[in-house]
Amino acid sequence: MRNIAAGLAASLASGVTTLAHVWRITRRDGQVFAFTDHDRPLSFDALTCEPISGLSAGAMEKSLGLGVDTASIVGALSSDAITEQDLALGLWDGARVELYRVDWTDTTQRAHMFAGRIGEVRRGAQAFEAELRGLQSPLNVAVGRVFSRFCDADLGDARCGKDIETSIFRGTGVVTALLAGGAFRADGLEAFAEGWFTRGRLVWIAGGENEVAAHRVEGGDAVLELLDPPGQALVLGAAFAVYAGCDKRFETCRAKFANTLNFRGYPHMPGNDAVQARPVAGEPLDGSSRFA
């Protein structure tokens with residue numbers, strides 16, 4: 001049960017309320033921001049809460065025990081502090097969020113509603129929605145390796161061991177034309193086959209990264225589609241480096257990267273069909289390898 005200060009409780013019981021939401025957000029770089037859905041700036045502790053038009057609190061779920069509390073913020077990109085570029089660069093990812101319900105005539109009268117961190121952020125042309133995950137969320141993170149047919153290493157890291165800084169797996173290019181849906185044409189990648197960079201990593205020289213959703217060749221030009229909106233990084237003439245994509249399959253590791261000795265998955269692990277299969281007449285039942 002939430003404890004509510006006597007002054008705020010009396011205001012709620014009066015039948016006429018002057019309530020607003022306040023979000024205090026601490027980014028991982030230490031910067032602290034405060035926002036409110038009230039129509040005027042509010043003084044909140046040592047901060048000034050910036051009013052953001054269109055900002056609203058989404059659904060909030062509280063759980064008993066170790067269940068993860070969830071909430072959301074929905075709002076327009078109308079603040080200088082929250083820009084599309086910063087969201088695209090991940091500056092707000094993992095930020096600490098505290099949500100208060102306050103009396104805007106006296107912000108010392110408040111009730112703490114939620115504490116957690118920003119999780120997934122979905123961006124549109126003019127608005128964003130941020131998922132808020134409760135402080136219990138880290139307890140649900142898997143610890144240790146997961147047995148899977150797919151590799152759990154990242155291409156080029158120490159566990160993968162593949163050098164991807166060579167000209168075979170790394171290309172550089174310049175944006176020559178902007179297309180719909182975060183796609184663009186580029187010069188400099190003519191030597192690479194279609195699909196080579198699909199699911200690869202693209203690094204903008206000016207800063208920021210994106211994952212490549214698709215790599216096509218159209219009329220001799222390379223066309224790259226990005227998985228997430230690149231924000232202001234995608235402009236004509238923007239330079240970038242892009243790395244070959246890996247779909248984490250054993251066949252790709254063998255044929256594309258010749259790196260099967262470092263494959264970090266279990267490609268021969270039996271699936272549900274093998275576990276549930278019954279003996280079949282005529283097949284060897286001597287316990288020998290199923291892949292001989």
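Taking the criterion of being farther than 30 Å from HIS268 by Cα, of a type in the set (S, T, N, Q) and in contact with a Gly (Cβ under 7 Å, 6 or more places away or on another chain), the only residue of region 138-186 that qualifies is THR172. Within the set PHE169, PHE150, the sole residue that is aromatic (Phe, Trp, Tyr), open to solvent by less than 60 Å² (accessible area, probe 1.4 Å) and closer than 25 Å to ASP228 by Cα turns out to be PHE169. The residues in region 26-54 that are within 18 Å of THR108 (Cα to Cα), among the aliphatic types (A, V, I, L, M) and under 29 Å from the mean Cα position of the chain (by Cα) can be counted, and the count is 2. Taking region 248-266 as the range and being touching a residue at least 60 places away in the same chain (Cβ under 8 Å), open to solvent by 20 Å² or more (accessible area, probe 1.4 Å) and either over 24 Å from VAL212 (Cβ atoms) or out of contact with any helix residue (DSSP H, G or I) (no Cβ under 6 Å at 6 or more places or on another chain) (or both) as the test, the residues that pass are LYS248, ARG249, PHE250, ASN262, ARG264, TYR266. Here the condition is being on the phi > 0 side of the Ramachandran plot and open to solvent by 60 Å² or more (accessible area, probe 1.4 Å); of GLY219, GLY195, it holds for GLY219 alone. Candidates in region 1-25 are the residues that are among the hydrophobic types (A, V, I, L, M, F, W, C) and under 36 Å from the mean Cα position of the chain (by Cα); of these, the one that is most open to solvent (accessible area, probe 1.4 Å) is MET1. LEU236 meets the conditions (1) out of contact with any Leu (no Cβ under 9 Å at 6 or more places or on another chain); (2) not in a strand (DSSP E or B) in every case but one. The failed one is (1).
The values are calculated or read from the model by the stated rules, or taken from the named source; none is laboratory data. As the structure is a computational prediction, the values presented were derived from the model and not from experiment. Backbone-built Cβ (ideal geometry, glycine too); neighbour counts: all protein chains shown. Areas reflect the complete protein model, heavy atoms only, side chains present, ligands, DNA and RNA absent. Shrake-Rupley method; radii C 1.70, N 1.55, O 1.52, S 1.80 Å.
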